[in-house]
Amino acid sequence: MTQKPEASKLESSDAVALFGALAQPTRLEIFRLLMRYRPHGLAAGDIGRLLAVAHNTLSSHLGALEQVGLLASRREGRHIIFAAQAPRADALLAFLSDACCTEGIVPCTSETAAIPARREYVASDHPLRVLVVCTGNSARSIMAEAVLNREGLGRIQAFSAGSRPQEAPHPLALGLLDDLGYDVSGMRSKSWDQFLGEDAAELDLVITVCDDAEETACPTFPGAPMQIHWGLDDPAAAVGPQSAKRAAFLRSYRDLTARVTAFINLPFEQMTLGELAPVLRAIGRMDGATKRSLARAA
């Protein structure tokens, strides 16, 4: 039987190739996204949607990552699925730590990984009911609702609301979601008052995505749900040319999809609220978090 080479050993030239592949921002985000979805991976179309990357650009980035062994692809029906190769990440970590660390590297494939592999879908009569709140319910919370419902695959039922809602969702938010294939036909701005009262369904989790909404005393929602803060800058506050405003919405969307994909890949059905709360707070400190929200979390 042929013995496989140790995955933890890299030559300097191999490490340089890996660093080179990851030294481009979009490729780095692709690999980070697929590490959340390991071992199953994602279809190329889903990667493009979650990162808002055009197909032709995405193809070249996926090819560069696959060439150095950070990704592997396979065909499933009409789709090409790309999956992160965790042993290559382990090997890179081992290369960096060689001769300077006394502790061994914890493999990315271990059960103690910060963001575990995606679980298989299991139909549930009781999905986690999540309300995403910001002040105007026109941009961040609307986008988060859309991504949570699509990526949750029936495990999550998401809603959004505002403490002082606008008349309608921001057209740049709806335009971006529509371009990426989300159904925006039923999206509207609404008050969190609609989630109060005797007829309102019980909630499990309330996520505030703007600092102003988090500082406003949330009412007591049915079910006394856990509240978590994921503070992000308001893309609707961006000034300047239309291109700058669109860039702000794109950045906000990517920050939100990073948090949502980390969240939905957790085995939250098997976690108590006490176990889930610190993990969700840590997710809220990912790239893009506002200074005010980071200061409160410190």
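The values are calculated or read from the model by the stated rules, or taken from the named source; none is laboratory data. Predicted model, so just to flag it, every value in this text is computed and none were measured. Backbone-built Cβ (ideal geometry, glycine too); neighbour counts: all protein chains shown. What goes into the accessible areas is simple: the full protein's heavy atoms, side chains included, and nothing from ligands, DNA or RNA. Shrake-Rupley method; radii C 1.70, N 1.55, O 1.52, S 1.80 Å.
Please go through segment 275-290 and pick out each residue that is of a type outside the set (Val, Ile, Thr), assigned to a helix (DSSP H, G or I) and open to solvent by less than 60 Å² (accessible area, probe 1.4 Å). Correct list: 276, 277, 280, 282.
Is it the case that segment 144-156 has a residue that's closer than 21 Å to residue 258 by Cα, open to solvent by 50 Å² or more (accessible area, probe 1.4 Å), more than 18 Å from the chain's Cα centre (by Cα) and at pLDDT below 95? No, segment 144-156 contains no residue that is closer than 21 Å to residue 258 by Cα, open to solvent by 50 Å² or more (accessible area, probe 1.4 Å), more than 18 Å from the chain's Cα centre (by Cα) and at pLDDT below 95.
Taken as a whole, the structure places residue 249 among residues that are touching a residue at least 12 places away in the same chain (Cβ under 8 Å) and more than 28 Å from residue 196 (Cα to Cα).
Do you know which of the residues in segment 50-70 that are not small (Gly, Ala, Ser) and not in a helix (DSSP H, G or I) is least open to solvent (accessible area, probe 1.4 Å)?
70
In segment 208-228, is there at least one residue being in a helix (DSSP H, G or I), open to solvent by 50 Å² or more (accessible area, probe 1.4 Å) and touching an Asp or Glu at 6+ places or on another chain (Cβ under 9 Å)? The answer is yes; a qualifying residue exists. Criterion applied to 169, 165 was being open to solvent by less than 20 Å² (accessible area, probe 1.4 Å) and without any contact (Cβ under 8 Å) to a residue 40 or more places away in the chain, and the one residue passing it is 169. Every test in (1) at negative phi; (2) open to solvent by 30 Å² or more (accessible area, probe 1.4 Å); (3) not small (Gly, Ala, Ser) is passed by residue 132 save one, and that test is (2).
A count restricted to segment 253-274 and to residues that are touching a residue at least 40 places away in the same chain (Cβ under 8 Å), open to solvent by 10 Å² or more (accessible area, probe 1.4 Å) and in a helix (DSSP H, G or I) stands at 5.
Only one of the numbered conditions (1) assigned to a loop (DSSP other than H, G, I, E, B); (2) open to solvent by less than 30 Å² (accessible area, probe 1.4 Å); (3) touching a residue at least 60 places away in the same chain (Cβ under 8 Å) is violated by residue 189, and that is (3). Against the definition (touching a Pro at 6+ places or on another chain (Cβ under 7 Å) and of a type in the set (Ser, Thr, Tyr)), how does residue 293 come out, yes or no? So residue 293 fails the test.
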